[in-house]
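A.B. asks: This is the structure, below, for whatever I ask next.
The values are calculated or read from the model by the stated rules, or taken from the named source; none is laboratory data. Model, not experiment: these values are computed from the prediction. Quick reminder, even Gly has a Cβ in these numbers, built from the backbone with ideal geometry, and neighbours come from all protein chains shown. Side chains are part of the model used for accessible areas, which takes the heavy atoms of the whole protein and leaves out ligands, DNA and RNA. Shrake-Rupley method; radii C 1.70, N 1.55, O 1.52, S 1.80 Å.
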Amino acid sequence: MPEIMHLIKIRAAQDRVYQAVSTAEGIRNWWTRDTVLDPKVGGTGEFGFYGHRMVIKVKVAELTPPSHVAWDAVSSTGGSFDGTTISFDLKSDEGVTSLLFAHRGFKVGGNNIASATTRWGFYLLSLKRHLEGGKGTPNPEDTELIR
């Protein structure tokens, strides 16, 4: 099955990175402002994009503070994320946190995977910009992405 993986290094404490990927408040700064998330195992989340035209619903599968977050995608507009898993694994070394991102379990490859790969890369760099003292570019501020 196709999968997406990214590895980025962020000059921020691991706890800060963990909060940014595991809470609604954190996610609103880099991925999408339209975020609702119950940050506990078994909790649910909903991430909306472009005025709620694209919606991804997840269930929080695993939380191991401050090193691991995993969600199961329950449903998504168009179904392309349905049944996939999204995970963030964090490891810190001398003030730099390595984030290994994985989005696994796609049923088919092709244009949907290519588009998702580009978008995840963009948003993970948005996370890096946000945490390193700049400003992230969450949806709907993600005007650099072609819709």
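A.B. asks: Take residues that are closer than 17 Å to residue 17 by Cβ, open to solvent by 50 Å² or more (accessible area, probe 1.4 Å) and touching a Leu at 6+ places or on another chain (Cβ under 6 Å) and tell me which of the strands (runs of 3 or more DSSP E) falling wholly in the range 57-147 contain 1 or more. Give the steps one after another, and end with the answer.
C.D. replies: On the way: elements: 68-76, 85-93, 96-104.
The strands (runs of 3 or more DSSP E) meeting that bar are 85-93, 96-104.
A.B. asks: Related question: Name, by its number, the condition in (1) farther than 17 Å from residue 102 by Cα; (2) more than 14 Å from the chain's Cα centre (by Cα); (3) open to solvent by 40 Å² or more (accessible area, probe 1.4 Å) that does not hold for residue 43.
C.D. replies: (3)
A.B. asks: Taking residue 111 as the residue in question, decide whether it is within 15 Å of the chain's Cα centre (by Cα) and within 21 Å of residue 79 (Cβ to Cβ).
C.D. replies: On the way: within 15 Å of the chain's Cα centre (by Cα): no; within 21 Å of residue 79 (Cβ to Cβ): yes.
Criteria not met by residue 111.
A.B. asks: Hey, residue 17 hits all of (1) open to solvent by 70 Å² or more (accessible area, probe 1.4 Å); (2) at pLDDT 95 or above but one; which does it fall short on?
C.D. replies: Failed condition: (1).
A.B. asks: Does any residue in the range 119-138 that is closer than 16 Å to residue 103 by Cβ and free of Cβ contacts under 8 Å to residues at least 40 places away in the same chain come within less than 8 Å, Cβ to Cβ, of a residue that is assigned to a loop (DSSP other than H, G, I, E, B) and of a type outside the set (S, T, N, Q) six or more places away or on a different chain, and which pairs are these?
C.D. replies: Qualifying pairs under 8 Å: 119/145; 122/142; 122/144; 122/145.
A.B. asks: So residue 13 ticks every box in (1) free of Cβ contacts under 8 Å to residues at least 40 places away in the same chain; (2) among the aliphatic types (A, V, I, L, M); (3) over 21 Å from residue 107 (Cα atoms); (4) out of contact with any strand residue (DSSP E or B) (no Cβ under 6 Å at 6 or more places or on another chain) but one. Which box is left unticked?
C.D. replies: (1)
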